[in-house]
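Following: one structure in structure tokens, then a few remarks.
No lab work stands behind these numbers, since they all come straight from the coordinates. No experiment lies behind these values; they were computed from the predicted model shown. Note that each Cβ is placed from the backbone with ideal geometry, even for glycine, and that neighbours are counted across all protein chains shown.
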Amino acid sequence: MKISTISCEPISGQKPGTSGLRKKTRVFMEPGYLENFIQSVFNAIGGAEGKTFVVGGDGRYFNRRAIQVILCMAAANGAAKVIVGQHGLLSTPAASNLIRKYKTDGGLILSASHNPGGIDADFGVKYNVSNGGPAPENVTEAIYEQTCSLTSYKILQNEMVDLGSIGSKKLGEMDVDVIDPVKDYKDLMASLFDFVSIRNLIAGGFTIVFDAMHAVTGPYAKAIFEGALGAPEGTVLNAEPSEDFGGGHPDPNPVWAKSLMDLMMSEKAPCLGAASDGDGDRNMIVGRGIYVTPSDSLAVLAANAHMAPAYRHGLAGVARSMPTSAACDRVAAKQGIKCFETPTGWKFFGNLLDADMATICGEESAGTGSNHVREKDGLWAVLLWLNILAERRQPVKTILEGHWAKYGRDYYSRYDYEAIPMDAANQLMDDLRGQLDKLAGKTLGSLTIKNADEFSYNDPVDGSVSSGQGIRVWFEGNARVVFRLSGTGTDGATLRVYLEQYVDTHGNHSMPPEQALKPLVESMLELTDLKGRIGRTEPNVIT
Ligand code: VG1
Ligand code: CO
């Protein structure tokens, strides 16, 4: 087979964000766009020669085509082998597992995660390193530098690999292993959790509904819940991955998984409701009549993880992204273990997990995971909840209320202001930054500011520093607001405002969150003058 070296011009704007490179699908489909990025990845890691990679995606529009391009480029660049999921499908945590299990040099995951899919929606590519985790900042910077100076890429032209059937194939000199995307992942889950105990729970009448949101977890959830754990057929909804996620927004939160929320708040609610996102790394947990915020879920999982076999000996430590609520810090304090606070994005947990300083990690954006892989893992979170429920034999509501009674409650909400002009967003952040040392003592509405800063992270393992990771404002009375700009959007800027109000063990734990957070929202609006700057105060999405 002939290797072609194609001359090209560097392409601007290929800077990986919070989680890989995300753009409109049509941008990725422009001639040479994907090729430029993939060749830059190979160059940045010292070439693909003799290396082994995992490749797969969430099945969105352009997934199949992109995988063929990547295979042809890997072969042309001299890679020894690529492991790819049948039909090009792999959930993000499953890909992470394969990289680790088969000790590959890295992997390419094709997904824009919770962003909608389709020719007029979003696409993305992420490079993961040999520990199975997203490339750390020094690697993504090296990739970006390559994209700015690339002059040619290598590819096998007019070649295709049959990804429909499982088996070992050849593409030129390169081996291509087309594998069952579910099997290794299912085996991993069975090794972490007490499947017998969960089976008994389900056999005893415990009911579950899992909404796969027409995304990649459908086949995984069917094999695990309806297969290995004996839940009845129909437990998994929207289980067929589709190229545009059934026209929906595959983001597991009360807004985008509204039909599941409605079911859980109704008379017909099963005992547990759960959902996952486009690429299977996020999770939503809902009990009968009660929604569990991701920050609370992380705390409950940390407090009860020892009930599952994999965590029987306790946790080495926990870690949460900075905007995530402090609920898990309280659990860590009680257990006498450390809680690390990292910037947003899973790549920052990698070092802590590798060094065994943290066992469980989480983000307020519905991501939870552990040292079993190096990505957040939606189904893992649901299974850990199930294992805990199988041991405790109590409703989710009782567990959550008991948790608040013991630790207090962190009322929490995130407001997203989407598609605002980039200039207005940057101006707002600059203005906040400029006032940081003058804010203490200032009263806004009914609340007084205690302190403010801009978060900068010193990685305790490799000493690297990541600055400019979000503005934090603390108020008297245990309240906090955090401001940051999203690094995954593809339309203008998205301002995320994270609101948190702690109420101690003696306080009122049964308010609606909007009531508990009302004074904080008012202070936040006054502090930012959002109305004056962007002409609105209502966010597009509240989670
Ligand atoms: C968002 C979330 C962040 C998450 C990231 C990737 O990033 O806030 O917590 O790690 O998405 O998740 P940002 O920069 O838009 O706030 V996923 O499931 O989209 O890979
Ligand atoms: Co995701």
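When Rg is the radius of gyration of the Cα atoms in the range 36-142 and Rh is its Kirkwood radius, what does Rg/Rh come to? Display every interim value, and only then the final one.
Details: Rg = 12.8 Å, Rh = 13.6 Å.
Taking Rg over the Kirkwood Rh, I get 0.94.
Debye-formula intensities of the range 43-88, expressed as log10 I(q)/I(0) at q = 0.18, 0.20, 0.31 Å⁻¹, are -0.53, -0.63, -1.12 (one equal scatterer per alpha-carbon, no solvent). Residue by residue, the range 269-281 carries 3J(HN,Hα) couplings of 4, x, 6, 9, x, 8, 8, 9, 9, x, 9, x, 9 Hz when phi is fed to the Karplus relation 6.51 cos²θ - 1.76 cosθ + 1.60 (θ = phi - 60°); x denotes Gly or Pro. Taken one residue at a time, the phi angles of the range 497-513 give Karplus couplings (6.51, -1.76, 1.60, θ = phi - 60°) of 10, 9, 10, 8, 9, 8, 10, 6, 4, 8, x, 7, 9, 10, 7, x, x Hz. Gly and Pro are set to x.
Relative contact order of the chain: what whole-number percent is it, with Cα pairs under 8 angstrom and at least 6 residues apart? Reported relative contact order: 13 percent. Between the range 1-70 and the range 370-428, what is the C-alpha centre distance in whole Å? A separation of 33 Å, based on Cα centres. Counting every alpha-carbon pair across the chain, the share separated by more than 38 Å comes to 26%. Candidate cross-link partners of Lys334 among the lysines, defined by an alpha-carbon separation under 23 Å and a same-chain spacing of 8 or more, comprise Lys397, Lys406. Computed extension length for Ala203-Ser467: 90.0 nm, one decimal, from 0.36 nm per residue of separation with the Cα-Cα distance subtracted.
Note on the range 185-234: along the principal axes its Cα atoms extend 28, 24, 12 Å, ordered by decreasing extent. Computed over the alpha carbons of the range 409-542, Rg followed by Dmax gives 15.4, 45 Å.
The GluC sites (Glu not before Pro) of the range 189-251 that meet both conditions, a loop assignment by DSSP and at most 14 other Cβ atoms within 10 Å of the site Cβ, are Glu233.
Sorting the segments 507-513, 472-478, 292-298 by their mean number of nearby beta carbons within 10 angstrom, highest to lowest, gives 292-298, 472-478, 507-513. Pairs exceeding a 32 Å alpha-carbon distance, out of Lys81/Lys347; Lys2/Lys183; Lys186/Lys268; Lys126/Lys186; Lys23/Lys376; Lys15/Lys101: Lys2/Lys183.
Cα convex hull of the range 3-181: how many Å³ per residue?
Details: hull volume 17.7 nm³, N = 179.
Dividing the Cα hull volume of the range 3-181 by its residue count gives 99 Å³.
Sites listed here are chymotrypsin sites (Phe, Trp or Tyr not before Pro) in the range 207-290 whose DSSP assignment is loop and whose Cβ has at most 16 other Cβ atoms within 10 Å, and the list is empty.
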